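*Asks:* Quick one: the structure is below, and I'll ask about it shortly.
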Amino acid sequence: MKLFYRKIGKGEPLVIAHGLYGMSDNWMSIAKTLSENFEVIVPDLRNHGQSPWADSHTYSDLAGDLLELLNDLSIEKANFLGHSMGGKVVMKLALENPGNIKKLIVADVSPRNYIDFEEKSGFNHSDVLKLLQNIDLRNIKLRTEAENVLSYKVSDKRIRQFLMKNISREKNGTFAFKLNAVALFNNLNEIAGEINLANGKIFNGDILFIKGDKSNYIRESDRSQILELFPSARFVTVKNAGHWLHAEQPEVFAGVVRNFLLSKY
């Protein structure tokens with residue numbers, strides 16, 4: 001699949017994979033900061049943003065899309081940063097195609113299964129995706145009307161505003177979704193599912209897991225599973241940050257990313 005992407009800066013390539021409901025636009029502030037040292041490439045993953053929609057949304061699909069993007073850009077090896085769902089995408093890519101990875105950063109997610117996971121905020125992906133499917137944009141005249149519908153399931157205004165970025169106004173004045181809520185809902189078990197060994201192979205390369213200290217996405221008990229797949233894994237915790245640590249502590253987050261990628265050890 002040919003993904004839409006944004007590119008900024010010069011240097012070693014760094015590909016950033018966003019999380020569920022995200023898009024490249026959400027990461028451009030971080031990308032601009034990191035562009036002082038890297039050529040930062042930020043795609044919209046399938047079923048998100050300006051990239052094509054598809055019924056299938058597995059991690060093999062998503063990793064394959066990134067590999068195709070590398071090929072299209074004539075990049076043999078790149079650094080990768082993935083957040084949440086995007087973190088699972090880059091883990092899958094590293095396990096299946098380690099030769100294409102220089103260094104890997106996974107932001108606030110582990111390889112484990114999240115099917116029965118409950119966020120501290122009470123945010124429920126199944127409820128939200130059902131709600132998004134049931135919003136009839138033909139009857140929406142103002143963005144606040146759509147946000148009011150979301151407020152039934154999403155009490156956190158900051159998260160509602162993040163979700164609202166997936167609703168855009170068309171040239172004719174009507175509203176449209178930027179994400180494929182139907183496909184994401186139908187593939188939710190895949191999205192929440194576990195990243196396993198790829199043909200028994202592990203990734204021995206440099207990898208950093210960054211956790212927000214207020215987030216419960218990475219648990220202490222996850223470390224054994226992480227180290228089984230990624231024996232060289234290192235861990236950093238960003239203080240005063242939840243799951244969206246790159247938005248809550250952007251300067252600290254960008255500094256951790258830069259220091260890891262530029263370090264020689």
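The values are calculated or read from the model by the stated rules, or taken from the named source; none is laboratory data. Because the structure is a prediction, the values reported are computed rather than measured. All Cβ positions, glycine included, derive from the backbone under ideal geometry; neighbour counts span all protein chains shown.
*Asks:* Tell me which residues, restricted to region 30-46, are part of a helix (DSSP H, G or I) and touching a Lys or Arg at 6+ places or on another chain (Cβ under 9 Å).
*Replies:* If the condition is that a residue be part of a helix (DSSP H, G or I) and touching a Lys or Arg at 6+ places or on another chain (Cβ under 9 Å), then Ala31, Thr33, Leu34 are the ones that fit.
*Asks:* What number of residues in region 159-192 are loosely packed, with under 13 Cβ neighbours inside 10 Å and in contact (Cβ under 8 Å) with a residue 60 or more places away in the chain?
*Replies:* 1
*Asks:* Do the conditions hold for Leu20, that is, is it touching a residue at least 24 places away in the same chain (Cβ under 8 Å), of a type outside the set (S, T, N, Q) and over 25 Å from Glu251 (Cβ atoms)?
*Replies:* no
*Asks:* Right, something else. Within the bounds of region 214-226, is there any residue that is closer than 29 Å to Glu36 by Cα, touching a residue at least 12 places away in the same chain (Cβ under 8 Å) and outside any loop (DSSP other than H, G, I, E, B)?
*Replies:* Scanning region 214-226 turns up no residue that is closer than 29 Å to Glu36 by Cα, touching a residue at least 12 places away in the same chain (Cβ under 8 Å) and outside any loop (DSSP other than H, G, I, E, B).
*Asks:* For the subset of region 193-212 comprising residues that are assigned to a loop (DSSP other than H, G, I, E, B) and touching a strand residue (DSSP E or B) at 6+ places or on another chain (Cβ under 8 Å), which member is surrounded by the fewest Cβ atoms within 10 Å (Cβ to Cβ)?
*Replies:* Here the answer is Gly205.
*Asks:* I would also like to ask the following. Give just the number: which of (1) in the same structural domain as Gly49 (by TED's automatic domain parsing); (2) without any contact (Cβ under 8 Å) to a residue 40 or more places away in the chain; (3) of a type in the set (Phe, Trp, Tyr) does Phe203 not satisfy?
*Replies:* Of everything listed in (1) in the same structural domain as Gly49 (by TED's automatic domain parsing); (2) without any contact (Cβ under 8 Å) to a residue 40 or more places away in the chain; (3) of a type in the set (Phe, Trp, Tyr), Phe203 misses just condition (2).
*Asks:* Evaluate the following for Glu190: is it assigned to a helix (DSSP H, G or I) and in contact with a Lys or Arg (Cβ under 6 Å, 6 or more places away or on another chain)?
*Replies:* no
*Asks:* Quick one: count up the residues across region 47-102 that are in contact (Cβ under 8 Å) with a residue 12 or more places away in the chain and part of a loop (DSSP other than H, G, I, E, B).
*Replies:* Here the count works out to 18.
*Asks:* Please count how many residues of region 234-257 are part of a helix (DSSP H, G or I) and either not acidic (Asp, Glu) or not assigned by TED's automatic domain parsing to the domain that holds Phe209 (or both).
*Replies:* Within region 234-257, residues that are part of a helix (DSSP H, G or I) and either not acidic (Asp, Glu) or not assigned by TED's automatic domain parsing to the domain that holds Phe209 (or both) number 10.
*Asks:* Those residues that are at pLDDT 85 or above and over 22 Å from the mean Cα position of the chain (by Cα), I need them from region 149-175; list them, please.
*Replies:* Within region 149-175, just Phe175 meets the criteria.
*Asks:* Further, regarding this structure: Can you find even one residue in region 166-173 that is in a loop (DSSP other than H, G, I, E, B) and either among the hydrophobic types (A, V, I, L, M, F, W, C) or in the same structural domain as His57 (by TED's automatic domain parsing) (or both)?
*Replies:* No, every residue in region 166-173 fails to be in a loop (DSSP other than H, G, I, E, B) and either among the hydrophobic types (A, V, I, L, M, F, W, C) or in the same structural domain as His57 (by TED's automatic domain parsing) (or both).
*Asks:* Here is a check on your reading of the model: is Met1 under 20 Å from Arg160 (Cα atoms) and either of a type in the set (A, V, I, L, M) or modelled with pLDDT under 95 (or both)?
*Replies:* No: the conditions fail for Met1.
*Asks:* For region 45-59, does any single residue satisfy the condition of being modelled with pLDDT of 95 or more and under 19 Å from Phe203 (Cα atoms)?
*Replies:* Yes: one or more hits.
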